[in-house]
Amino acid sequence: MIDYVKKSKNNNISHASLYGFINNDTERIIKSGISTYKYLPYGKYDDSVPYLTRRIYENPKILFYMLK
């Protein structure tokens, strides 16, 4: 992704990720000069759990990180 953004003539590309996810990659992206945002879901517990469950399903490696 970093190479693609640097080669692109579009300066409006940014990176966003869920707080606590892919922190090592985020550090590399920041050092490369790409704008980076972290977001934190908030709201009712009943509304948050399905969203966070879906995120874990999409990125199962986070389970290993959380269980360490």
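The values are calculated or read from the model by the stated rules, or taken from the named source; none is laboratory data. No experiment lies behind these values; they were computed from the predicted model shown. Backbone-built Cβ (ideal geometry, glycine too); neighbour counts: all protein chains shown. What goes into the accessible areas is simple: the full protein's heavy atoms, side chains included, and nothing from ligands, DNA or RNA. Shrake-Rupley method; radii C 1.70, N 1.55, O 1.52, S 1.80 Å.
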Sparsely packed trypsin sites (Lys or Arg not before Pro) within the stretch 1-32, loop by DSSP, other Cβ within 10 Å at most 16: 9
HN-Hα J in Hz across the stretch 35-51 - Karplus 6.51, -1.76, 1.60, θ = phi - 60°, x for Gly and Pro: 4, 10, 10, 10, 10, 10, x, 9, x, 5, 4, 5, 7, 6, 4, x, 5
Over the chain, volume per residue of the alpha carbon convex hull, in Å³: 107 Å³
Distant-in-sequence amide H partners of residue 18 (H built 1.01 Å from N, under 5 Å): 39
Per residue accessible area in Å² of the chain, where ligands, DNA and RNA are left out and the probe is 1.4 Å: 88 Å²
Longest DSSP-loop-exposure-free segment, chymotrypsin sites (Phe, Trp or Tyr not before Pro), the chain, at most 11 other Cβ within 10 Å: 43-68
Among 64, 8, 24 - extreme Cα towards positive end, dipole of the chain, charges at beta-carbon: 8
The chain, relative contact order [Cα under 8 Å, separation at least 6], %: 28 percent
Within the chain: Cβ-based charge dipole about Cα centre, in debye rounded to nearest 20 (Lys, Arg +1; Asp, Glu -1): 240 debye
3J(HN,Hα) from dihedral phi, the stretch 11-26, Karplus parametrisation 6.51/-1.76/1.60, rounded to Hz, x for glycine, proline: 7, 9, 8, 10, 10, 9, 8, 5, 3, x, 9, 6, 4, 5, 5, 4
Calculated [θ] (222 nm, deg cm²/dmol) that DSSP helices of n ≥ 4 give over the chain, each run adding -39,500 (n - 2.57): -15000 deg cm²/dmol
